[in-house]
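What follows is a short report on a single structure.
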Amino acid sequence: MKKLKEEYQLPVYLFHDGTNYKAYEFFGNHRIDESKVAFRVWAPNAQGVSVVGDFNSWDENANKCVAISPGIWEAIVDNVNVYDCYKYAIKTCTGTTLLKADPYAVHQETRPGTGSKVYELADYKWKDSKWQLDKSRQNILEKPVNIYEVHIGSWKMHDDGNFLTYRELAEQLVPYVKNMGYTHIEMLPIMEYPFDGSWGYQVTGYFAATSRYGLPEDLKYFVDTCHKEGIGVILDWVPAHFPKDAFGLYEFDGTCCYEYSDMKKGEHKEWGTRVFDYAKKEVKSFLISSANYWIEEFHFDGLRVDAVASMLYLDYCRKDGEWTPNKNGGRENLEAVDFFRQLNSTILSNHPGSMMIAEESTAWPMITMPPSEGGLGFNFKWNMGWMNDMLRYTSLDPLFRKGNHNCITFSFFYAFSENFVLPVSHDEVVHGKASLLNKMPGDYDMKFDGLRLFLAYMMAHPGKKLLFMGSEFGQFIEWNYKQGLDWLLLDYDKHRQTLEFSRELNKFYKEHSELWEIDYSWDGFQWISSEDNCNSVIAFRRMNKKGEELIAVFNWTPNSFDSYRIGVPKNGTYKVVFDTSLEKFGGDKHRMSGSYKSKKGSIHGYEQYIDLKLHGLSAIFLKKTADKQPAKKDKPVKAEKEVAKPVKQQAVKTEVKEEKPVQEKSKQTPPAKASKPNSKKSKR
């Protein structure tokens, strides 16, 4: 074994320790001078390794590697040019030779090619220093987050069917997202992958931006352009599994190198993939280095971590006898738990302001709590329960909604147990599930009414937001990764009006901190009416830190009300500030409803109410107008005493029923403090 150079000692030690978070700076290919390139790879059970490529006519005997440390091989090769294609020829313990792509390559051939490219990241001149500084100082939990999820290969395509490049997307996608008012773009995986139909979720190059859309510096330009326009960029990242492609990580040195050797843990049969061995320290260095690489080198603002549940549970999609309990007899993968804690602690401590988002579909507790408190350390989690309930509810004929009223209220029993993102993602508009618009029941007009109502409810509900591309203008057909979105629909009034609605709703969301500043506490939310299942109407308050508030009211049936009463916390005038049923949005209201003055009367635990006109299948947002200031010659008016929080929610079978007014001269007692649902997340 070659004596380890002094400059190699620290990166090699950290790699074997599971704490080399920049392993890509040591492994892969790195130019030494104008002609020489160093190639380094980890293959612990190989009998021998050589580098083969364009520079040596793919001769296995031309450039043999030397073991410089247990399991680490190196070759210094002369006369190597940029873009030369190469692989490692790995001789296994059985004597066979495998041709493998470089796990640490930063550039790879475009499919169907599978080779790695000799390439080093260019010294890109970033122009986003202010963005990065602001991000590191802000508390993202208290900021508006409205994510536009994009599969960049099918957002738009050229007329000949070719993809837009990263730079073309910077010219077209970024202005569109800015104009629409989204705060972030989330990109489906763009790490190199061979099969288009996997949408990027079966990765073979964990450090290589797919060459389908251009070079690595082109992707940097795209991210830089987003930041210039005030848009954050989140990347889907896939540490849960990898495909069995012969050139990839699969049995890399002839043995289970990156994956578990025990196939009761190491394989997802339904996906045809292998599972990373989270107990191996070298695998931890590999994966955490990949996560760090995309944030540090490409300035991504966060990672959405795919398929977290499949990593956490040993029995995930496995029958009895197909999995082995952990050392405590449980079904939890304790090694994956440790991995997540190390991953999130590393990323969030080194990159303040970043988002680590778990796509986790079960009731695993404390996903977004710090590891020091027993949590996994993510700072966001997808709220899959909310998504499933709401898509089920909105797909029902309104006639049957009163029997399923809990679908729109149950999420509040656990809404503040985690830091949630409300997702309507790509997974919900494929495989026969129908587009978001086409999930809505009823005729043509009702579908659009229902879509606007759903999006308004999503915006009002506590939690950050995520919407898949095309839903914002009412794509009728399911998403198809092989073709661009149906932009031609914008020639039709309803779709053009829906696009305008989405833009105005996004603007309204960003301009009203009541909808996002206190997203993860009961201090930012309070029910007004949650139990009117007979009419399928709900109303609640959203508040910001200053105590300012919006009242949101939702009518989930086509029935309109000329008189519908809800309690309000203070006397005064309440003005409608957003209405989903306006003509300009595709509804049939000529103008927005005006203002409603409160009247005395006990309802919903308050001592005053407003009498609303509610359109069918619509939502309205109301804001109390400022009280008039007294004239200077008048004596100072004593400030109105804040009314205490309402009592526990009362069922109201018929909201329009006349209430007996409270006598003005009677002595009034402030209502008791409202009871709160248990904020501990319920198992679903």
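Working only within segment 395-412, note down all residues that are in a helix (DSSP H, G or I) and either over 23 Å from Arg541 (Cβ atoms) or at pLDDT below 95 (or both).
Pro398, Leu399, Phe400, Lys402, Gly403, Asn404
Can you name the residue in segment 219-240 that is assigned to a loop (DSSP other than H, G, I, E, B) and at negative phi and, of all such residues, is surrounded by the most Cβ atoms within 10 Å (Cβ to Cβ)?
That would be Pro239.
Surrounded by fewer than 15 Cβ atoms within 10 Å (Cβ to Cβ) and more than 37 Å from the chain's Cα centre (by Cα), is that true of Thr110?
Values: surrounded by fewer than 15 Cβ atoms within 10 Å (Cβ to Cβ): yes; more than 37 Å from the chain's Cα centre (by Cα): no.
Spelling it out, it is not the case that Thr110 is surrounded by fewer than 15 Cβ atoms within 10 Å (Cβ to Cβ) and more than 37 Å from the chain's Cα centre (by Cα).
Is at least one residue of segment 283-298 part of a loop (DSSP other than H, G, I, E, B), surrounded by fewer than 24 Cβ atoms within 10 Å (Cβ to Cβ) and modelled with pLDDT of 95 or more?
Checking segment 283-298: at least one residue is part of a loop (DSSP other than H, G, I, E, B), surrounded by fewer than 24 Cβ atoms within 10 Å (Cβ to Cβ) and modelled with pLDDT of 95 or more.
Kindly state which strands (runs of 3 or more DSSP E) lie completely within segment 524-604 and contain at least 1 residues that are under 35 Å from the mean Cα position of the chain (by Cα) and at pLDDT 95 or above.
525-532, 537-543, 549-555, 561-567, 573-579
Please tell me if Phe454 is in contact with a Gly (Cβ under 6 Å, 6 or more places away or on another chain), in a helix (DSSP H, G or I) and of a type in the set (A, V, I, L, M, F, W, C).
no
Can you tell me which of (1) farther than 20 Å from Leu515 by Cα; (2) out of contact with any Cys (no Cβ under 9 Å at 6 or more places or on another chain); (3) crowded, with 19+ Cβ neighbours inside 10 Å; (4) not β-branched (Val, Ile, Thr) is the one Leu399 doesn't meet?
Among (1) farther than 20 Å from Leu515 by Cα; (2) out of contact with any Cys (no Cβ under 9 Å at 6 or more places or on another chain); (3) crowded, with 19+ Cβ neighbours inside 10 Å; (4) not β-branched (Val, Ile, Thr), the lone unmet condition for Leu399 is (3).
Considering only segment 267-277, state which residues are within 14 Å of Asp315 (Cβ to Cβ) and either touching a residue at least 24 places away in the same chain (Cβ under 8 Å) or not in a strand (DSSP E or B) (or both).
His268, Lys269, Glu270, Val275
Take residues that are basic (Lys, Arg) and tell me which of the strands (runs of 3 or more DSSP E) falling wholly in segment 1-77 contain 2 or more.
none
Answer yes or no as to whether Asn555 is over 20 Å from Leu467 (Cα atoms), surrounded by 19 or more Cβ atoms within 10 Å (Cβ to Cβ) and either touching a residue at least 60 places away in the same chain (Cβ under 8 Å) or touching a Cys at 6+ places or on another chain (Cβ under 8 Å) (or both).
So Asn555 fits the description; yes.
Residue-by-condition table, conditions (1) surrounded by 19 or more Cβ atoms within 10 Å (Cβ to Cβ); (2) within 22 Å of the chain's Cα centre (by Cα); (3) in contact (Cβ under 8 Å) with a residue 12 or more places away in the chain:
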residue	(1), (2), (3)
Ala105	yes, no, yes
Lys143	no, yes, yes
Tyr166	yes, yes, yes
Tyr193	yes, yes, yes
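What tally of residues in segment 483-535 results from selecting those that are farther than 27 Å from Thr557 by Cα, in contact with a strand residue (DSSP E or B) (Cβ under 9 Å, 6 or more places away or on another chain) and among the charged types (D, E, K, R)?
Count: 4.
Can you pull out the residues in segment 111-161 that are under 24 Å from Ser425 (Cβ atoms), assigned to a loop (DSSP other than H, G, I, E, B) and among the hydrophobic types (A, V, I, L, M, F, W, C)?
Once the filter is applied, which keeps residues that are under 24 Å from Ser425 (Cβ atoms), assigned to a loop (DSSP other than H, G, I, E, B) and among the hydrophobic types (A, V, I, L, M, F, W, C), segment 111-161 yields Val145, Ile152, Trp155.
Only one of these conditions is not met by Val430: (1) hydrophobic (A, V, I, L, M, F, W, C); (2) free of Cβ contacts under 8 Å to residues at least 60 places away in the same chain; (3) surrounded by 20 or more Cβ atoms within 10 Å (Cβ to Cβ). Which number is it?
(3)
Considering only residues of segment 571-616 that are among the aliphatic types (A, V, I, L, M) and closer than 30 Å to Asp491 by Cα, which is surrounded by the most Cβ atoms within 10 Å (Cβ to Cβ)?
Leu582
Out of segment 243-263, which residues are surrounded by fewer than 22 Cβ atoms within 10 Å (Cβ to Cβ) and either on the phi < 0 side of the Ramachandran plot or not in a loop (DSSP other than H, G, I, E, B) (or both)?
Matches in segment 243-263: Pro243, Lys244, Asp245, Ala246, Phe247, Tyr250, Thr255, Cys256, Tyr260, Ser261, Asp262, Met263.
Of all the residues that make up segment 157-188, how many are in contact with a Lys or Arg (Cβ under 9 Å, 6 or more places away or on another chain) and acidic (Asp, Glu)?
Residues flagged as in contact with a Lys or Arg (Cβ under 9 Å, 6 or more places away or on another chain) and acidic (Asp, Glu) within segment 157-188 amount to 2.
Take the residues of segment 330-379 that are of a type in the set (Gly, Ala, Ser) and in contact with a helix residue (DSSP H, G or I) (Cβ under 7 Å, 6 or more places away or on another chain): which is surrounded by the most Cβ atoms within 10 Å (Cβ to Cβ)? Break it down stepwise before answering.
Filtering segment 330-379 for residues of a type in the set (Gly, Ala, Ser) gives 330, 336, 345, 349, 353-354, 358, 361, 363, 372, 374-375, 377.
If we keep only those that are in contact with a helix residue (DSSP H, G or I) (Cβ under 7 Å, 6 or more places away or on another chain) too, we end up with 336, 345, 353-354, 358, 361, 377.
Details: Ala336: 23, Ser345: 16, Gly353: 20, Ser354: 22, Ala358: 29, Ser361: 17, Gly377: 24.
The qualifying residue surrounded by the most Cβ atoms within 10 Å (Cβ to Cβ) is Ala358.
The values are calculated or read from the model by the stated rules, or taken from the named source; none is laboratory data. Just so it is clear, the structure is predicted and the values come from calculations on it, not from any experiment. Here the Cβ is made from the backbone with ideal geometry for all residues, glycine too, and neighbour counts use every protein chain on show.
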